[in-house]
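Rule-based calculations on the coordinates, nothing more; no lab input. As the structure is a prediction and not an experimental result, all values here were calculated from the model. Here Cβ is always computed from backbone atoms with ideal geometry, including for glycine, and neighbour counts include all displayed protein chains.
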Amino acid sequence: EDMAEENVFYITAGQATFKAYFADNSSALKFKEKLADGDVTVFMHDYGNFEKVGQLGFSLPRNDTRITTEPGDVILYQGNQITVYYDTNTWSFTRLGKIENASREELLSAFGDGEVNVTFSLSQP
């Protein structure tokens, strides 16, 4: 269980905090290292009615593969943007992680309409 907890990060939007697990790739590892230096807050907006997206303010290595996203997927886009999906999309992306047990409705409720500040962290707020 300790190993599983080391693979955990948290995503907070508004009053809701979600538990997520890092993907197994060099991009996720670099993101984890960045979070070890402190929380990362990203100003995110809706895109295409299936995701929230925002600029990270730094770049991460890309491990793009063609995937179909699911609600709760945390995706690196173009190496310097992070997205949280609440619906499906098929494209060449790098998966950074996945929110545990989050439905589309729960994600939409937490992330809301329009723009939102989202904080990524290694410790639970």
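Taking Lys32 as the anchor, which lysines have their alpha carbon closer than 18 Å to its alpha carbon, excluding any fewer than eight residues away along the same chain? List returned: Lys19, Lys98. Sorting the segments 74-80, 86-92 by their residues' average number of neighbouring beta-carbon atoms within 10 angstrom, most packed first, yields 74-80, 86-92. Among residues other than Ala110 with Cβ under 12 Å from its Cβ, the summed charge is -1 (Lys and Arg +1, Asp and Glu -1). Under the simplified labelling scheme, the Asn80-Phe43 pair shows an inter-label distance of 1.6 nm, with each label point 7 Å from Cα along Cα→Cβ. Would you please state the base-10 log of I(q)/I(0) at q = 0.14, 0.16 1/Å for the stretch 33-109, with intensities from the Debye formula using one equal scatterer on every alpha carbon? Per q value, in the given order, log10 I(q)/I(0) is -0.43, -0.56.
Along the stretch 93-99 the Karplus relation, 6.51 cos²θ - 1.76 cosθ + 1.60 evaluated at θ = phi - 60°, assigns HN-Hα couplings of 10, 10, 7, 8, x, 8, 6 Hz to successive residues, with x for each Gly and Pro. In order along the stretch 20-36, the phi-based Karplus estimate (6.51 cos²θ - 1.76 cosθ + 1.60, θ = phi - 60°) of 3J(HN,Hα) comes to 10, 10, 5, 6, 9, 7, 5, 5, 5, 4, 5, 5, 4, 4, 5, 5, 5 Hz; Gly and Pro are listed as x.
Under unit Cβ charges (Lys, Arg +1; Asp, Glu -1), what dipole magnitude, rounded to 20 debye, does the chain have relative to its Cα centre? Kindly include the intermediate steps, with their values, before the conclusion.
Details: 10 positive and 19 negative charges, 81 e Å.
Result for the chain is approximately 400 debye, rounded to the nearest 20.
In order along the stretch 38-53, the Karplus-derived 3J(HN,Hα) couplings, from 6.51 cos²θ - 1.76 cosθ + 1.60 at θ = phi - 60°, round to x, 4, 10, 10, 10, 7, 10, 9, 5, 9, x, 6, 9, 7, 9, 9 Hz, and Gly and Pro are given as x.
Based on the Cβ-Cβ distance of Thr17 and Ser103, what FRET efficiency does E = 1/(1 + (r/R0)^6) give at R0 = 22 Å, to the nearest 0.05?
Efficiency, from the Cβ-Cβ distance: 0.90.
In deg cm²/dmol, rounded to 500, what helix-only [θ] at 222 nm does the chain give when every DSSP H run of at least 4 residues adds -39500 (n - 2.57) and the total is split over its residues? Here the helix-only value at 222 nm equals -5000 deg cm²/dmol.
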